Structure formats: C-alpha cells, structure tokens
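Rule-based calculations on the coordinates, nothing more; no lab input. None of these values were measured; they are calculated from a predicted model. All Cβ positions, glycine included, derive from the backbone under ideal geometry; neighbour counts span all protein chains shown.
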Amino acid sequence: MEQILRRQDWNTIFSNLPERRLSPLSENKNYRYLGQLHFQGMSPEFPTGLYSGQRMIEVLDELTVIRMLPAGNDFDRLPSPFRAVAADLLTGKPCVFSRGRMTEALRASMGIPMLFTPLAKDDMMLVDGGLSDNLPADSARAMGADILIAVDATAPLLKKKEIQSFVDVMDQSISLLMRSKAERSRSLADITLVPELEGFYYNDFTSIPEIIARGQEAGEKSLPELDKLLSGVPRKPRQAQAAPEVKPAIEAVAFEGTRKVDPRQLKKDVKSAAGKEARPDLLLGDLRRLYAMRLFDKDLKRITRADLNWCLRRPAP
C-alpha cells in the first residue's frame with residue numbers, strides 16, 4: 001500500500017483533463033484556461049464538485065480491474081474480505097459496497113464533498129462515507145469479525161486562526177460531523193488506534209511518508225494492549241501460496257450508444273482485441289485515447305458506460 005501511494009503523481013491525479021499528448025492540437029489551447037463555466041439556456045450551470053476524478057479512476061482501474069476477476073467482483077472472495085462505505089447525499093444513509101466494481105466502490109467512498117463530484121449509482125448520489133459512518137465498525141462486525149481493531153484517522157479540528165475561507169468553514173463542519181459519529185463507533189471496536197495527525201490536512205498528499213510514520217507510531221504505542229487483546233487467540237496457520245492465476249483474455253470488444261461518431265472510427269484508436277491478454281496498461285491506454293477525443297458527454301467513469309465495453313473472460317477454475 002505504501003509503495004502504491006508513494007509512486008502516484010499527486011499533482012495530476014485529481015485532474016479531469018486528458019493527457020495533453022493525446023489531445024488534438026486544436027484542443028491544446030484550452031489548457032491555458034483555469035476553468036470552464038457551462039450554461040443551460042441563460043442560467044449558469046455550476047459543477048457539483050471541482051473534480052470528477054477521471055485520472056483517479058484510471059489509477060484505481062489499473063490496480064483493481066484484473067485482480068478482481070478471480071473473485072467475480074465479490075468482495076467476500078478476496079484474500080481479505082472487504083467493504084467500502086459511501087453516503088447517499090439524498091438520504092444521508094450509508095451505502096455499503098460488498099460486491100461490484102472495486103473502482104466504483106473506492107471512488108464513491110472517497111468522494112469528499114466540494115472536492116469530488118458525487119458518484120451516481122441507481123437512485124443515489126454517493127459521497128465520502130465519512131458523512132454517515134466515518135468509522136464503520138458496525139460494518140466490520142456485520143462481516144463476522146471476532147476481534148475488531150479500528151483506526152480513527154478523523155482530521156483534527158482547525159484552530160480559529162486557520163479558518164480563513166468558506167472552504168475552511170466547510171472542512172471544519174464536515175470534520176465536526178465525522179468526529180461525533182466516530183466517537184459513537186469507537187464503542188463497537190475492541191481497540192481503536194488514533195494517530196497524531198495535528199498539523200496535517202485532508203489534502204496533504206505530499207506528506208504521505210510522514211503520515212504513514214504517525215500511524216506506525218500509534219501502532220507501536222498500542223503494542224502492549226494489542227498483545228493482551230490477542231493473547232489466547234489461536235493463530236491461523238499460514239496458507240500456502242496460491243498457484244499463479246491464468247491470465248484473463250478479452251472475449252469481445254463492442255461499442256454501444258455512440259451518437260457523435262461512427263463506431264468504426266473509434267475502433268481505430270482501440271488496441272484491445274478479442275483473444276488478446278487483458279492487460280491493464282492496454283485497456284487503460286484505450287480509455288485514455290478515447291477520453292482525449294472529447295466526444296463523450298460524461299467522463300469515462302466506468303468501462304461499461306464509456307460507449308466501449310470489454311467482455312473479459314475469466315480463466316477456467
């Protein structure tokens with residue numbers, strides 16, 4: 001996990017723009033503008049967030065799409081069962097992901113209001129799960145956890161002198177909401193680690209090594225309590241290393257719902273083909289080239305909604 005975080009380019013990962021080298025020359029002049037404002041009739045149409053997270057989605061897809069195939073997109077069939085929690089902006093209720101596309105689950109659960117646009121799913125508008133359940137100990141208990149070790153990384157409250165703008169006010173308001181909910185959830189955990197995060201903020205991505213070190217310090221301080229909690233608990237034997245998975249192949253490539261361009265023209269920019277190995281770099285290269293065309297009404301949030309569908313064939317058991 002630390003290696004994944006360290007190798008990201010945090011200066012561009014939140015950008016909505018396609019890679020400049022892939023954009024037509026006629027589009028490159030638009031990169032000098034700070035933003036765009038759309039109108040519906042005579043009324044300005046303001047965005048629901050600063051970023052849709054297109055680059056972030058590409059990174060998450062690269063890390064998860066192929067690896068999720070053996071599990072059939074069932075989070076309980078992963079080596080470590082997993083849940084992601086988002087909040088429905090329309091009802092305030094939590095939305096717990098237990099299956100489906102891992103990228104969608106992660107993108108929804110990290111959708112910080114104002115920073116990211118909400119993720120539309122079914123009849124919901126999903127944002128950061130911290131608004132409804134920032135320390136989802138109840139979800140872990142529902143999965144059957146016997147011993148629950150929680151980590152409360154709720155952001156510290158800002159000092160008076162640090163609140164200088166409406167963004168700071170919004171950040172403080174969200175932190176207050178998260179803090180009250182997290183305190184109630186702590187009672188469900190057997191032990192809660194609380195890293196010292198004073199001086200760090202939600203957007204301190206360049207400080208990731210220091211933040212990781214704070215988490216390690218919190219764990220080391222709690223070692224006596226952890227040892228006491230785990231004493232007498234039988235240790236599970238280490239599982240033998242699983243045999244290497246057969247690499248999945250692309251079964252079919254299809255275009256659906258295209259309105260602005262002939263699918264045959266799009267196919268020229270798609271390197272994937274039936275029978276080829278489903279390599280993440282190959283699939284993401286196709287997505288990036290198509291996104292750079294600026295022919296889509298929405299960002300390529302999901303492979304299955306991007307007017308381009310890959311049918312990936314899982315290896316036979």
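DSSP bridge analysis restricted to the stretch 79-222 gives an antiparallel fraction near 75%, rounded to the nearest 5. For the stretch 265-281, backbone phi angles converted through the Karplus equation (6.51, -1.76, 1.60; θ = phi - 60°) give residue-by-residue couplings of 6, 5, 4, 5, 9, 9, 8, 5, 7, 4, x, 7, 5, 7, 7, x, 5 Hz, Gly and Pro being listed as x. The label-point distance for Leu230 and Ser187, in a model that sets each label 7 Å from Cα toward Cβ, rounds to 2.8 nm.
Assuming R0 = 25 Å, what is the FRET efficiency of Ser180 and Met143, from their Cβ-Cβ distance, to the nearest 0.05? Efficiency at R0 = 25 Å is approximately 0.55. Full extension of the chain between Ile13 and Glu62 yields a length gain of 16.3 nm, computed as 0.36 nm times the residue separation minus the alpha carbon distance.
Fully extending the segment from Glu210 to Ala71, taken as 0.36 nm per residue of separation minus the present Cα-Cα distance, adds 46.6 nm. Rounded to 0.05, the FRET efficiency of the Leu157 and Lys221 pair, given R0 = 25 Å and the Cβ-Cβ distance, is 0.70. Subtracting the Cα-Cα distance of Ala249 and Ile4 from their residue separation scaled by 0.36 nm leaves 85.7 nm.
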